[in-house]
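*Asks:* Before I ask anything, let me first share the structure, which is written out below as structure tokens.
The values are calculated or read from the model by the stated rules, or taken from the named source; none is laboratory data. Predicted, not measured: the structure shown is a model, and the values here were computed from it. Here the Cβ is made from the backbone with ideal geometry for all residues, glycine too, and neighbour counts use every protein chain on show. Each accessible area value is taken on the protein alone, full model and side chains, heavy atoms only, with ligands, DNA and RNA left out. Shrake-Rupley method; radii C 1.70, N 1.55, O 1.52, S 1.80 Å.
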Amino acid sequence: MKSSFQKAKIALTRFSAWTLILNLFTICAYSQDDDDRTFFGGLTAGGNFTQVYGDNFAGYNKVVLNAGVVVFARLGEQVAAGMELLYAQKGSRSNKAKVANDRSTLLVDYRIRLNYAEVPLTINYFDKKKNHIGGGFAYGQLFRSRETYKDGNGAVYEQDAKLFPFRKFDLSLILQGTAYVWKGFYLNLRFQYSLLSVRNAHNYLTGRAEQFNNLWCTRIMYIF
């Protein structure tokens, strides 16, 4: 069972997240009619096309969810800082069978599932047509992970997370471009790569100690 301290920590984290979301909507609603507003923001949702560099499986074969809220703070006439609160799934999925690094089994359907609460911080340059480009960093707090595979006989196995644990956080670099579409809707394309390894344990399945989240993200943003 979870200790009282752990329960209090989880409750405080959830309260802080909901407080931030409500504050973002309050800011956006209060200033949505002001073209020169200092703060503006909205909602975003789309997909992460992900891989884990170092798992011996190439390709962005895992398509998962990226969704949350975003707020911008204007720093100049065409420059704004951005902050987001996201639910971001990452990981990898095999696109073909491979023999495990220790030759013990055949990996047929190898998957890594990583779920993060993520806070990206970016600096963005806006042109006169509201298109913008930017970059920055993201901190992700891992709250769920799972690593599974099927062998050549179709049996499903789950890797012991205690033997080969994933780091509890992910610090990553962000580069992105966003195109204005229509009446508050934007199309966002983002590249993201871990600056620190997400795991530092020699995994006998893949044979590499250091692994990194590597993804492309395509999202629709609606800015109030």
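*Asks:* Using alpha-carbon pairs under 8 Å, 6+ residues apart, how would you state the relative contact order of segment 42-126 in percent? Intermediate results must be reported in sequence, preceding the final value.
*Replies:* On the way: 184 pairs, mean separation 24.2, N = 85.
Across segment 42-126, relative contact order equals 28 percent.
*Asks:* On to the next question. Heavy-atom accessible area of Y149 with all protein chains present, probe 1.4 Å, nearest 10 Å²?
*Replies:* Ignoring ligands and nucleic acids, Y149 comes out at about 20 Å².
*Asks:* Given contacts defined as C-alpha pairs under 8 Å and at least six residues apart, what's the relative contact order of segment 144-224, whole-number percent?
*Replies:* On the way: 144 pairs, mean separation 20.9, N = 81.
Relative contact order comes out at 26 percent.
*Asks:* Still on this model: Under a Cβ-Cβ cut-off of 12 Å, what is the net charge of the residues other than V119 that fall near it, where Lys and Arg count +1 and Asp and Glu count -1?
*Replies:* Numbers: positive: none; negative: E84, E118, D170.
Net of charged neighbours comes to -3.
*Asks:* Determine the per residue accessible area of segment 56-183 with all protein chains present and a 1.4 angstrom probe, expressed in square angstrom.
*Replies:* Using a 1.4 Å probe on heavy atoms only, each residue of segment 56-183 averages 54 Å².
*Asks:* Measure off, as a whole percent, the carbon and sulfur share of the 1.4 Å-probe accessible area of segment 123-224, all protein chains present.
*Replies:* 63 percent
*Asks:* Amide H to amide H under 5 Å from F224: which residues, 5+ apart in sequence or cross-chain, H placed 1.01 Å off N in plane?
*Replies:* Counting only residues 5 or more places away or on other chains, the set is G41, G42, L43.
*Asks:* Using a 1.4 Å probe, how large is the accessible area of K96, given in Å² and rounded to the nearest 10?
*Replies:* In the full protein context, K96 sits at about 120 Å².
*Asks:* Tell me, Kirkwood radius of segment 51-155 from alpha-carbon pair distances, in Å?
*Replies:* Numbers: mean 1/r = 0.0613 Å⁻¹.
Evaluated on segment 51-155, it is 16.3 Å.
*Asks:* Would you check the accessible area of E158, probe 1.4 Å, heavy atoms only, in square angstrom rounded to 10?
*Replies:* Surface open to solvent at E158 totals about 110 Å².
*Asks:* Arrange the residues V63, V70, V108 by how much accessible surface each exposes, largest first, with a 1.4 angstrom probe. Provide the component values of the computation, followed by the final result.
*Replies:* Details: V63 95, V70 0, V108 60 Å².
So the residues, ranked largest to smallest area, are V63, V108, V70.
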